[in-house]
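Before any comments, here is the structure.
The values are calculated or read from the model by the stated rules, or taken from the named source; none is laboratory data. Because the structure is predicted, anything quoted here is derived from the model rather than measured. A quick note on method: Cβ atoms are made from the backbone with ideal geometry, for glycine too, and the neighbour counts reach across all protein chains shown. Calculation scope for accessible area: heavy atoms of the full protein, side chains included, ligands and nucleic acids excluded. Shrake-Rupley method; radii C 1.70, N 1.55, O 1.52, S 1.80 Å.
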Amino acid sequence: MPDSEFIALEKVEKVFEVRRKTGFLKRERRQVRAVDSISFTVARGEMVGYIGPNGAGKSTTIKMLTGILTPSAGRLRVAGIDPSRERTRLAHRIGVVFGQRTTLWWDLPLIDSYRLAHRMYRIPDARYRENLDRCVELLELGDLLDVPVRQLSLGQRMRGDIAAALLHDPEVLYLDEPTIGLDVVSKAKVRGFLKELNAERATTVLLTTHDLQDIEQLCSRVMVIDHGRLVYDGALAGLHEAGEGERTLVVDLERELPPIEVPSCRVVRVEGPRQWLAFPAGQSAAPLVASIAAAYPLVDLSVREPDIEAVIAKMYAEKAVS
Ligand SMILES: Nc1ncnc2c1ncn2[C@@H]1O[C@H](COP(=O)(O)OP(=O)(O)O)[C@@H](O)[C@H]1O
Ligand SMILES: [Mg+2]
């Protein structure tokens, strides 16, 4: 397995069968395509953001990458391992943090969860000490070790969870919404820690979030998922551009005609009497429509937003609500 394909997905799908009660003894079966033919690779040591609106398929992807869920189709490897086939072997090489759910023992002091991890993963004593000390220092857990987990604030608990995921020196860390619900100070601590972890240990990090600031501060590469499909994979800067991007005017004419010529528009596709015109997203469509209507036999038209823009707009809308 080359380092450039440390995590590799090839046309991975996950379809859930959902049964819904529609009446007495009547049930309807429905399929939810949570992940729809996703392909990407992550190189060893990369820190990648995996973003998208609620229900996009982020957690489902992470669960397949840990082996909790088996893909319905496609090929998936992490460190050369097929996660759902060799979940236990993989567990020694990955760390996982689910923001919505703790792996810590609720009624026990924080340190007890770490002692359990020490035994469960058979971490050599010296290694365990060293990793624990480091996490305690960087995540500022010193005063919290003897506190029962249920008494911790969300931010403290999250830092506790991150430490727990790292005691066995995983090569990959998956974080599913690690900053959800955290206050500004806790968010800053978590981000600072992840940055250092990635820089010093070259830990590969896949970070799921719908907080764009997490990405801005941590990830140079970002993947955007929407309705189970990967709609963007590239630099963060490019994401801003794609978000500004172009909109498309779909024009139906009375008959087949040569490409429409209007200022600041570019015909990108012609299919019979239908033409697609790209124009800058920042520009109003109204004057374009007026000039087309004045010069061409117009039957119908619609404006299409770029996928990526719609996704990001949705993310910002959710952020404004939360
Ligand atoms: N266990 C499940 N059974 C049925 N549907 C599921 C299950 N888990 C997730 N889904 C559905 O799959 C889609 C993607 O969910 P999820 O991966 O949790 O999205 P995200 O983490 O991006 O918010 C959603 O429509 C969700 O309702
Ligand atoms: Mg999720």
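Checking SER153, SER186 one by one, the residue that is among the small types (Gly, Ala, Ser) and in contact with a Lys or Arg (Cβ under 8 Å, 6 or more places away or on another chain) is SER186 and no other. Residue count for the range 193-251 under the criterion of being open to solvent by 30 Å² or more (accessible area, probe 1.4 Å) and assigned to a strand (DSSP E or B): the result is 10.
The number of residues in the range 6-20 that are in contact (Cβ under 8 Å) with a residue 12 or more places away in the chain, more than 16 Å from ligand 2 (Cβ to nearest atom) and either of a type outside the set (Gly, Ala, Ser) or closer than 15 Å to VAL32 by Cβ (or both) comes to 10. Of all residues in the range 175-187, those that are away from ligand 1 (no atom under 16 Å from the Cβ) have Cβ atoms under 7 Å from Cβ atoms of residues that are outside any helix (DSSP H, G or I), 6 or more apart or on another chain, in LYS187/THR179.
Here VAL32 fulfils each of the conditions (1) within 16 Å of ligand 1 (Cβ to nearest atom); (2) in contact (Cβ under 8 Å) with a residue 24 or more places away in the chain apart from (2).
The set of residues in the range 80-109 being in contact with a Leu (Cβ under 6 Å, 6 or more places away or on another chain), of a type in the set (A, V, I, L, M, F, W, C) and under 20 Å from SER59 (Cβ atoms) consists of VAL97 alone.
Counting only residues that are away from ligand 1 (no atom under 16 Å from the Cβ), touching a Leu at 6+ places or on another chain (Cβ under 9 Å) and either over 21 Å from GLY234 (Cα atoms) or among the hydrophobic types (A, V, I, L, M, F, W, C) (or both), the range 202-218 holds 2 of them. Residues of the range 163-174 include none that is of a type outside the set (D, E, K, R), surrounded by fewer than 20 Cβ atoms within 10 Å (Cβ to Cβ) and part of a helix (DSSP H, G or I). In the range 38-58, is there at least one residue being open to solvent by 30 Å² or more (accessible area, probe 1.4 Å), within 20 Å of THR203 (Cβ to Cβ), more than 8 Å from ligand 1 (Cβ to nearest atom) and hydroxyl-bearing (Ser, Thr, Tyr)? For the range 38-58, residues open to solvent by 30 Å² or more (accessible area, probe 1.4 Å), within 20 Å of THR203 (Cβ to Cβ), more than 8 Å from ligand 1 (Cβ to nearest atom) and hydroxyl-bearing (Ser, Thr, Tyr): present.
Among the candidates ALA199, ALA235, which residue alone is free of Cβ contacts under 8 Å to residues at least 12 places away in the same chain and out of contact with any Cys (no Cβ under 6 Å at 6 or more places or on another chain)? Just a single option satisfies the conditions, and that option is ALA199.
Quick check on the range 40-48. Is at least one of its residues under 12 Å from the mean Cα position of the chain (by Cα) and in a loop (DSSP other than H, G, I, E, B)? So far as the range 40-48 goes, no, none of its residues is under 12 Å from the mean Cα position of the chain (by Cα) and in a loop (DSSP other than H, G, I, E, B).
Per-residue answers, yes or no, for (1) part of a loop (DSSP other than H, G, I, E, B); (2) at pLDDT 95 or above; (3) open to solvent by less than 10 Å² (accessible area, probe 1.4 Å):
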| site | (1), (2), (3) |
| --- | --- |
| MET64 | no, yes, yes |
| LEU69 | yes, yes, no |
| GLY74 | no, yes, no |
| THR88 | no, no, no |
| THR103 | yes, no, no |
| ASP112 | no, yes, no |
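Applying a threshold of 6 Å to beta carbon distances and a minimum spacing of six or more residues, or different chains, the list of pairs starting in the range 289-306 at a residue that is farther than 14 Å from ARG255 by Cα and ending at one that is of a type in the set (S, T, N, Q) reads ARG304/THR248. Within the range 110-135, being touching a Leu at 6+ places or on another chain (Cβ under 7 Å), within 16 Å of ASP169 (Cβ to Cβ) and among the hydrophobic types (A, V, I, L, M, F, W, C) holds for ALA117, ILE123, LEU132, CYS135.
Could you list all residues from the range 90-101 that are open to solvent by 50 Å² or more (accessible area, probe 1.4 Å) and within 16 Å of ligand 1 (Cβ to nearest atom)? If the condition is that a residue be open to solvent by 50 Å² or more (accessible area, probe 1.4 Å) and within 16 Å of ligand 1 (Cβ to nearest atom), then GLN100, ARG101 are the ones that fit. Here ASP146 fulfils each of the conditions (1) touching a residue at least 24 places away in the same chain (Cβ under 8 Å); (2) open to solvent by less than 50 Å² (accessible area, probe 1.4 Å) apart from (2).
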